[in-house]
Amino acid sequence: MEENSLVRARILEYGSLFEELHVVVFSTRIMNYESRIKLSDNVFVSPTNSTNKLMYLVDAFRIVKKLIENSKLKIENYVLSTQDPFETGLTGLLIKLRYKLPLQVQIHTDFANKYFITHSILNFIRFPLGLLVLSFADSVRVVSGRIAKSIYSLSHSITVLPISTPPLAPRSPLLAKEREERKEINFLTVCRLEKEKNLETLLKAFKKVIDGGIEARLVIVGDGSQKENLKLKAKSLKLEDKIQFAGWQNDLSKYYEQADIYVSTSLYEGYGVSMVEAAEHGLAVIASNAGVAEELTPYIFEPRDIRALTQYMQNRNLEKAKTPALISKEEYLLKYKKSLEQALICHKKGEGLFKRNILARYLVSGFSAAGTNIFLLYIFTHFFHIWYLYSSVLSFVISIAVSFSLQKLWTFQDKKTERVHHQFARYMLLALFGIILNTLLMFLFVDILNIWYILGQIMTGGLIAIFNFVMYKFFVFNKN
């Protein structure tokens with residue numbers, strides 16, 4: 001909505017690729033936006049102006065419905081793109097199913113990362129929602145190879161395309177020489193001051209560096225909900241005179257120019273624009289194992305590993321980070337357009353549901369195994385006159401084998417055999433844990449919350465199905 005913002009400029013560039021570009025923005029009435037904003041002759045922005053956030057989906061659906069029905073363009077020429085696989089992704093999925101549109105989903109964060117999933121209740125809900133949306137998407141655009149690897153089994157068409165950033169001016173030779181001559185180490189981090197950025201780990205490591213007798217300063221650029229908490233933490237560590245909270249800055253060049261080492265401590269990252277900018281400025285980069293860190297620097301530590309971070313920060317003679325390969329704006333826009341065209345191509349192919357949709361295969365495999373169990377129980381007991389308890393054990397063992405085979409070979413497309421015994425052991429361990437979890441949840445729902453036992457079992461079954469899918473993907477049949 002800001003006239004001179006980088007986002008607005010980027011949207012106008014995208015508009016040059018198409019006959020029309022319509023952007024629907026989640027917003028509440030209190031923001032007081034116009035109902036429709038014209039950015040150029042063919043680029044339009046429609047805020048939802050919802051009464052509350054719960055109405056975002058309904059209002060966005062209403063806007064898109066009106067756009068499609070009033071447009072002169074043919075419906076088969078539309079491609080729908082959502083900026084994430086969560087709330088906007090769900091909106092996009094419903095629109096796709098209603099109007100049979102090709103859907104491209106964009107992913108800007110590593111939502112399959114364990115730190116993302118456990119960060120909040122909302123993220124815990126967003127993860128299975130993301131899996132659902134992606135399994136129906138016709139193409140996916142991600143900002144890093146790390147994210148692409150994490151969703152390889154959910155999409156048949158993935159484009160890795162980081163956000164385009166303008167090239168930066170090289171560091172001044174005089175400043176570079178001055179940096180080499182001074183004794184003090186200047187550390188820099190640029191980020192939103194939120195919990196997922198894990199800045200407490202940086203403060204604790206910086207304290208150890210100072211206590212070790214090293215002359216150093218830390219500059220933190222950014223703003224967010226954790227700013228005051230971090231200031232209090234710095235004060236409790238007696239680092240007030242060593243740490244500068246610079247706040248939000250539009251021009252970061254002077255901070256990169258004055259820094260020696262850039263530090264990123266994020267629990268999870270989709271990409272990491274600030275790390276890339278630091279590398280372009282010739283800084284050494286110390287980074288947690290997130291985003292594009294592996295592509296830029298060898299100085300990587302696991303999130304919250306204060307000891308490893310401290311050891312890196314105590315070494316002044318770190319090598320400069322690698323400068324990532326950058327593409328021109330023209331190449332970027334061409335690749336962006338192709339990623340949207342890919343959604344249209346895949347949509348027109350009309351590939352079968354079970355070829356594209358891993359969740360559909362997962363559910364069918366699960367119901368098939370359950371059906372096998374019941375069918376064999378009846379056959380062994382009724383026709384072979386085996387005692388029902390023996391029949392139950394025998395049919396259960398066979399159904400477990402059927403379930404494992406279907407999930408491995410069909411659902412997750414894992415045809416390798418060298419690790420099959422390890423996978424089966426993990427599968428059985430997960431099944432045992434599922435029995436325990438089922439018992440605990442049923443006790444919670446029925447005895448504690450007084451929910452009808454049938455409804456309680458349905459709710460429990462749904463939660464365990466989601467849990468098992470996640471564990472199958474990342475623990476049992478993880479190809480990586």
Quiz item: Along the Cα-to-C-beta direction of residue 410, a point sits 7 Å from the Cα; which residues of segment 369-391 have their amide N less than 19 Å from that point?
Solution: 369-377
Quiz item: So how compact is segment 28-170: Cα radius of gyration and Dmax in angstrom?
Solution: 16.7, 51
Practice problem: Rounded to whole Hz and in sequence order, give me ³J(HN,Hα) for segment 435-441 from the Karplus expression 6.51 cos²θ - 1.76 cosθ + 1.60, θ = phi - 60°, writing x for Gly and Pro. | Solution: 5, 5, 5, 4, 5, 5, 5
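The chain: longest stretch without exposed GluC sites (Glu not before Pro) (DSSP loop, at most 15 other Cβ within 10 Å), sites themselves excluded? The partial results should precede the final answer.
Details: sites that count: 2, 3, 19, 20, 34, 184, 215, 240, 319, 351, 418.
Counting at most 15 other Cβ atoms within 10 Å as exposed, the longest clean stretch of the chain is 35-183.
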Self-check item: Paramagnetic reach from residue 429 in segment 457-474 [backbone N under 20 Å; point 7 Å along Cα→Cβ]
Solution: 464-474
Quiz prompt | Spin-label pair residue 229/residue 16, simplified geometry with 7 Å Cα→Cβ offset, distance in nm | solution = 4.3
Quiz item: Roughly what % antiparallel, to the nearest 5, for the DSSP beta bridges in the chain?
Solution: 5
Quiz item: Taking only DSSP H segments of four or more residues, each worth -39500 (n - 2.57), what value at 222 nm results for the chain once the sum is divided by all its residues, to the nearest 500 deg cm²/dmol?
Solution: -15000 deg cm²/dmol
Quiz prompt | Likely footprinting exposure, 10, 29, fewest C-beta neighbours within 10 Å first | solution = 29, 10
Practice problem: Could you tell me the convex hull volume per residue, in Å³, taken over the Cα atoms of segment 288-398? | Solution: 191
Quiz prompt | Sites residue 421 and residue 375 - FRET efficiency at Förster radius 30 Å, r taken between beta-carbons, to 0.05 | solution = 0.65
Self-check item: Global form of segment 173-313, assessed from the alpha-carbon gyration tensor, a/c cut-off 1.5
Solution: rounded
Exercise. For residue 265, enumerate residues with amide H under 5 Å from its amide H, sequence gap 5+ or separate chain, H modeled in the peptide plane.
Key: 288
Quiz prompt | FRET efficiency, 1/(1 + (r/R0)^6) with R0 22 Å, evaluated for residue 239 and residue 192 via beta carbons | solution = 0.60
Self-check item: Global form of segment 270-324, assessed from the alpha-carbon gyration tensor, a/c cut-off 1.5
Solution: oblate
Quiz item: How big is the Kirkwood radius of segment 250-345, worked out from every pair of different alpha carbons and given in Å to one decimal?
Solution: 14.8
Quiz item: Toward the positive end of the charge dipole of segment 65-119, about the Cα centre and with charges on Cβ (Lys, Arg +1; Asp, Glu -1), which of 85, 111, 70 goes farthest?
Solution: 70
Quiz item: Name the residues of segment 7-40 whose amide N is less than 19 Å from a point 7 angstrom out from the Cα of residue 338 along the C-beta direction?
Solution: 14-18
Exercise. In whole angstrom, note down how far apart the Cα centers of segment 428-480 and segment 75-112 are.
Key: 29
Self-check item: Too-long pairs where the Cα-Cα distance tops 18 Å, listed order kept, from 114/320; 197/227; 183/242; 207/231; 197/233; 207/320
Solution: 114/320; 207/320
Quiz item: Which entries of 195/238; 149/338; 100/149; 349/473; 195/254; 416/473 show an alpha-carbon separation above 18 angstrom in the structure shown?
Solution: 195/238; 149/338; 100/149; 349/473; 195/254
Exercise. Give the calculated FRET efficiency between residue 322 and residue 66 to the nearest 0.05, with a Förster radius of 45 Å applied to their Cβ-Cβ distance.
Key: 0.40
Quiz prompt | Dipole magnitude of the chain, debye to nearest 20 (Cβ charges: Lys/Arg +1, Asp/Glu -1, about Cα centre) | solution = 780
Quiz item: Between segment 282-356 and segment 375-418, how many Å separate their Cα centres?
Solution: 43
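Give me the number: length gained by fully extending residue 364 to residue 98, i.e. 0.36 nm times residue separation minus the C-alpha to C-alpha distance, one decimal in nm.
Going from the current span to full extension adds 93.4 nm.
Classify the chain as rounded, prolate or oblate from the Cα gyration tensor: take a ≥ b ≥ c as the square roots of its eigenvalues, call it rounded if a/c is under 1.5, otherwise prolate when a/b beats b/c and oblate if not.
oblate
Every number here is computed from the coordinates shown, using simple stated rules; none is lab data. Quick caveat: nothing in here was measured; it's all calculated off a predicted structure. Neighbour counts are summed over all protein chains in view; Cβ atoms, including those assigned to glycine, are modelled from backbone coordinates with ideal geometry.
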